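The values are calculated or read from the model by the stated rules, or taken from the named source; none is laboratory data. Just so it is clear, the model here is predicted, and its values are computed rather than measured. Virtual Cβ from ideal backbone geometry, glycine too; neighbours counted across all protein chains shown.
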Amino acid sequence: MSNHLVVTAMGADRPGIVSKFARLASECDCDIVDSRMALFGNEFTLIMMLSGSWPSITKMESTLPSLSVELELLTVMKRTSKHTPQNYISRLEVNFSGHDQRGTMKKITQFLADRSLDLAAVKSHAEEDATGKPTQNISLTINVPEKVDLDKLEVGLNELAEELTLECTIERMQGVES
């Protein structure tokens, strides 16, 4: 039976960090099941899920702190189990874009929470356009359960975008016809 460990790391960005994490995982006889890396300002961030035998995961837990010190990274580890996906009828890829304004993410995520929708992924980016105006782009992946009317949900998302004065695009995934 495979055991799982989620590792997060954050610190100053420099070349070779991901390579050292991958090497340590291999040396501990762990597999990298999933991983994400991003830069926020000058800070490197990494999230990875490892799998392996109980002794392999334990070895990773005991050797990662020394690598963290060597690389001057803040790391956190947590044992977990393999994700068991629920049965969703569809997945929506939704993109909001336009003028950057405080509270947008709060309103969008509250809209989703009020409808008990499963937020599978979020990517948000704010910057200034060529004229110096603040802009934002928020991309969401939403898993839609069977009880939700897709047409009504899309109308609601478009109404929310209008209320926030943002452009909204919605793409249905997983073979669900529009």
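Just one of the listed residues (ASN158, ASN137, ASN95) is modelled with pLDDT of 90 or more and either assigned to a helix (DSSP H, G or I) or in contact with a Pro (Cβ under 8 Å, 6 or more places away or on another chain) (or both), and it is ASN158.
Just checking, does segment 71-89 include any residue being surrounded by 10 or more Cβ atoms within 10 Å (Cβ to Cβ), touching a helix residue (DSSP H, G or I) at 6+ places or on another chain (Cβ under 7 Å) and closer than 30 Å to LEU166 by Cβ? For segment 71-89, residues surrounded by 10 or more Cβ atoms within 10 Å (Cβ to Cβ), touching a helix residue (DSSP H, G or I) at 6+ places or on another chain (Cβ under 7 Å) and closer than 30 Å to LEU166 by Cβ: absent.
Conditions (1) within 24 Å of SER139 (Cβ to Cβ); (2) not hydrophobic (A, V, I, L, M, F, W, C), marked per residue:
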| position | (1), (2) |
| --- | --- |
| LYS20 | no, yes |
| GLY41 | yes, yes |
| GLU61 | no, yes |
| LEU74 | no, no |
| GLN86 | yes, yes |
| LEU92 | yes, no |
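Conditions first: (1) modelled with pLDDT of 95 or more; (2) touching a strand residue (DSSP E or B) at 6+ places or on another chain (Cβ under 7 Å); (3) surrounded by fewer than 16 Cβ atoms within 10 Å (Cβ to Cβ); (4) of a type in the set (S, T, N, Q). ASN42 passes all but one, so which condition is the exception? That leaves (1) as the condition not met. The set of residues in segment 121-152 that are surrounded by 14 or more Cβ atoms within 10 Å (Cβ to Cβ), of a type in the set (A, V, I, L, M) and more than 12 Å from ARG91 (Cα to Cα) comprises VAL122, ILE138.
A single entry from THR109, THR45, THR63 fulfils the requirement of being out of contact with any helix residue (DSSP H, G or I) (no Cβ under 7 Å at 6 or more places or on another chain), in a helix (DSSP H, G or I) and under 28 Å from MET10 (Cβ atoms): THR109.
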